[in-house]
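Asks: One structure follows; several queries about it will come next.
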Amino acid sequence: MNRSLSLFLSVSLLSPTANAVAAGDMPSREEMWQIIQQQQKQIDALMSQQKTSDARIEETVSLVEVTADAVDQKQTAGVSKSHIGGYGELHYNNLEDKTSGTKKNEIDFHRFVLFFGHEFNEKTRFFSELELEHSIAGDGKNGEIELEQAYIEHDLSASLSGKAGLFLLPVGILNETHEPNTFYGVERNQVEKNIIPTTWWAGGLGLTGHFGNGWTWDAAATSGLKTSEEDSYKPRNGRQKVSKAVANNGALTGRLKWTGLPGLELAASLQYLEDITQGEDPLAGAATLAETHAVLERGAFGLRALYAQWNLDGEGPASIGADKQYGWYLEPSWRINQAFGLFARYEQWDNTVVAQADSQYIQTSLGANYWLNEHVVFKLDLQDQDAPEGAKELDGFNLGVGYQF
Amino acid sequence: MYKSIKSRKFLSTGLVVFMLAVLAMPAWPSGIKKIVYMTNHEFLNQSFDDDVPEVKTIWLKGTLKSDVRKTLGHDYPALRIRYWLKGGRSVWILDEIGRDKPITMGFAIESSQLVSVRVLVFRESRGDEIRLPSFTRQFDGSALVNKHQLDRHIDGISGATLSVNAVRILAAVALQLANHVMKLEIDK
């Protein structure tokens, strides 16, 4: 190849010489030899430069690949070990108490929540949730600051993890997952609020295991509720929120959940509480909560159904009919498209089922969610309550906006 | 009554001791949370009937980069992506964060349609139900509409919304990439 190139260049360079022949000015053979030798040197030099250039190009390509690898690895490894997140919801309630005729016309930043988590290593992590309710906390203010989660989670094996600290109890649909963009309705449903009672957290130890196709079990030994006769033995009033909580009597909670089919969750929870007054009411005693629910999402159709019931031991709760407290709801929904969904909810609950007087609440709600994107939602619902005689019976509408990140 | 209370206390104390004992058990091998359901090699062999072609690379730049960004909602965390192409079938192995950690997924694509979706590596603490065939089967045959969205609704998994979203979005990205390289092949 070098010879061909050399010959070609030589002939090309000799072309003017050929013209000179015609002019009678032809170089001698020695001069031509010298010219050829000089051209050969130049060709060798050029070939050498080309080889160097090729080597440099190859080296540059290799360096670009190595750099790209390094950048990609850094970007992949750059996933932070600490994570922040949060959610919030602003509510407007326009309700009228049909019993007294008083109106509730309020706008309230109901919840402002920040999550903070940190991964110590691949097996051990920390998670927390700090919440400001009703915008302002302090003496005489409406709101409060609450630590709703703060626990260490440790993976004991690929299918078993344990946690220690303050965590949400594995009961119900909303107790563990209650970001506003994940459910219909401005306010959380009344059954989970008044019976379970959501949001419900406690301090202690928990285990979570997975088995089979989509089975999950949870077990927790935690602090318990502390309600009283003055609070009509209502579980919601017994939440101690792990704030210098009386720990005379603990609680055991278990849950079995199946999510083996896309769009379907079936679960059942049970809590046994040694003494629902923490031993301060000799007329009260142990309590048991049983809860079961189903969540179905098939295409545009959705359905949530939940039943929860407390059984309280002792003459105290029995004397006011609070020895049985229960509630259930059905919530069909229709996701018209990615952005818009409609729902209806029928719920009833009773915190003194065995009382002679009527004490059952019924609420029917209709409403819509509009998701600006998967993280931001606008909500509207109408509610109609049927309350026991003398109790607040709130009818009207609610508006809300919520977000999660 | 007294005896009953004593037995209950014994029961709960026993459970607490048991749980403490479990938590205090010797450390398991590190990295256990990185669950590998299928290796890249296994997915490639499965997708190409054990005759895996040479790996190719595509750089994320220009309109391809902006298209991927629009689908993902952020830049893909790599300058270029490796893929395998043979006989009109391309295979892509991609990562996307579910809640906190990247999930590694494999996608096999032919004629602009997904023919196989598999979760290869799962690193999150919850939501691993996305590995179940009953979930991944929903993607079979799906294609893109308007360059960024799948042509069908994918039923979610309760409590695993973020992991489900990661698969859904990454499936759309894989289809975008496959369509891009097939167009380049045709233009050659």
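A short reminder: the numbers here are calculations on the coordinates, not readings from a lab. From a predicted model like this one, the values you see are computed outputs, not experimental measurements. Note that each Cβ is placed from the backbone with ideal geometry, even for glycine, and that neighbours are counted across all protein chains shown.
Asks: Quick check on chain A: helices-only [θ] at 222 nm, where DSSP H runs of length 4 and up contribute -39,500 (n - 2.57) each and the sum goes over total residues. Nearest 500, please.
Replies: My calculation for chain A gives -7000 deg cm²/dmol from helical runs alone.
Asks: Along the charge dipole of region A:363-405, pointing to its positive end and built from +1/-1 on Cβ of Lys, Arg, Asp and Glu, which listed residue (A:Gly390, A:Thr364, A:Val377) has its Cα farthest out?
Replies: Value: A:Val377.
Asks: Determine the distance separating the Cα centre of region A:122-179 from the Cα centre of region A:38-66; give it in Å without decimals.
Replies: If we compute the Cα centre of each part, the gap is 64 Å.
Asks: Please list B:94-100, A:235-241, A:33-39 highest first by mean number of surrounding beta-carbon atoms within 10 Å per residue.
Replies: Descending packing order for the listed peptides: B:94-100, A:235-241, A:33-39.
Asks: I would also like to ask the following. List the aspartates and glutamates whose Cα sits under 13 Å from the Cα of B:Lys101, skipping any in the same chain fewer than 8 residues away.
Replies: Here the aspartates and glutamates satisfying the reach criterion relative to B:Lys101 are A:Glu119, A:Glu122, B:Glu124, B:Asp128.
Asks: For region A:235-387, with only Lys/Arg (+1) and Asp/Glu (-1) charged at the beta-carbon, what is the dipole magnitude about the Cα centre, in debye rounded to 20?
Replies: 680
Asks: Structure shown: which of A:Lys81/A:Lys141; A:Lys193/A:Lys324; A:Lys123/B:Lys56 lie over 28 Å apart, alpha-carbon to alpha-carbon?
Replies: A:Lys81/A:Lys141; A:Lys123/B:Lys56
Asks: May I pose another question? Would you list, by chain and number, the lysines whose Cα falls below 19 Å from the Cα of A:Lys244, excluding same-chain residues fewer than 8 positions away?
Replies: Hits, sequence-local ones excluded: A:Lys226.
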